[in-house]
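Below is one structure; the comments refer to it alone.
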Amino acid sequence: MSYFERIQTDMYTAMKSGEKEKTSTLRTILSILKAKQIDKQEALSEEEELKELRTFAKQRNEAITLFEKGSRNDLVKKEKNELETIEHYLPKMMDEKSIREVVQKIISETGASSMADMGKVMPQIMKAGGGLIDGKTAQSIVSELLS
């Protein structure tokens, strides 16, 4: 079952059970996926759907950060609820220890020795992680190890 189908099924369930916030979030996600599908003029692959879900989650994280700076706790709560809903569909990301192991392996394989090698190392780390590595965490570990 594709992400689109799972989200649609869950949206109908949320509608029937009266979960307005969850229904709204799932509707938004479905509209994003439908828009991409229309732009592409064919069905999205699972990887493309997953990319869109990750983008949505990233936007929620950025919004949370901005609203926290602005002391808008009501909006922080709303964004966190949306993020929690979307994370249900995303695969579990690697923990910091696992990311560190991948980074160390790639650094030793490439022979990277300074911050100038960051551009050479990061794409390989992200590829090795198969989409399960948080880029910011990986980048901070690379910076720590290469400086």
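At a glance:
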| read-out | value |
| --- | --- |
| Selected residue [among the basic types (Lys, Arg), in contact (Cβ under 8 Å) with a residue 24 or more places away in the chain and either open to solvent by 50 Å² or more (accessible area, probe 1.4 Å) or not in a helix (DSSP H, G or I) (or both)] from Arg27, Arg100 | Arg100 |
| Residues located in the range 75-129, provided they are β-branched (Val, Ile, Thr) and over 12 Å from Val142 (Cβ atoms) | Val76, Thr85, Ile86 |
| In the range 131-147, the residues that are in a helix (DSSP H, G or I) and open to solvent by 70 Å² or more (accessible area, probe 1.4 Å) | Lys136, Gln139, Glu144 |
| Residues within the range 2-16 that are open to solvent by 80 Å² or more (accessible area, probe 1.4 Å) and either among the aromatic types (Phe, Trp, Tyr) or on the phi > 0 side of the Ramachandran plot (or both), tallied | 1 |
| Residue in the range 42-62 that is farther than 29 Å from Gln139 by Cα, open to solvent by less than 90 Å² (accessible area, probe 1.4 Å) and not polar (S, T, N, Q) present | yes |
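Residues are listed down the side, and each one gets a yes or a no for (1) under 23 Å from the mean Cα position of the chain (by Cα); (2) surrounded by fewer than 18 Cβ atoms within 10 Å (Cβ to Cβ):
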residue: Leu66; (1), (2): yes, yes
residue: Gly70; (1), (2): no, yes
residue: Glu82; (1), (2): yes, no
residue: Leu90; (1), (2): yes, yes
residue: Lys105; (1), (2): no, yes
residue: Ser113; (1), (2): no, yes
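The values are calculated or read from the model by the stated rules, or taken from the named source; none is laboratory data. As the structure is a prediction and not an experimental result, all values here were calculated from the model. All Cβ positions, glycine included, derive from the backbone under ideal geometry; neighbour counts span all protein chains shown. What goes into the accessible areas is simple: the full protein's heavy atoms, side chains included, and nothing from ligands, DNA or RNA. Shrake-Rupley method; radii C 1.70, N 1.55, O 1.52, S 1.80 Å.
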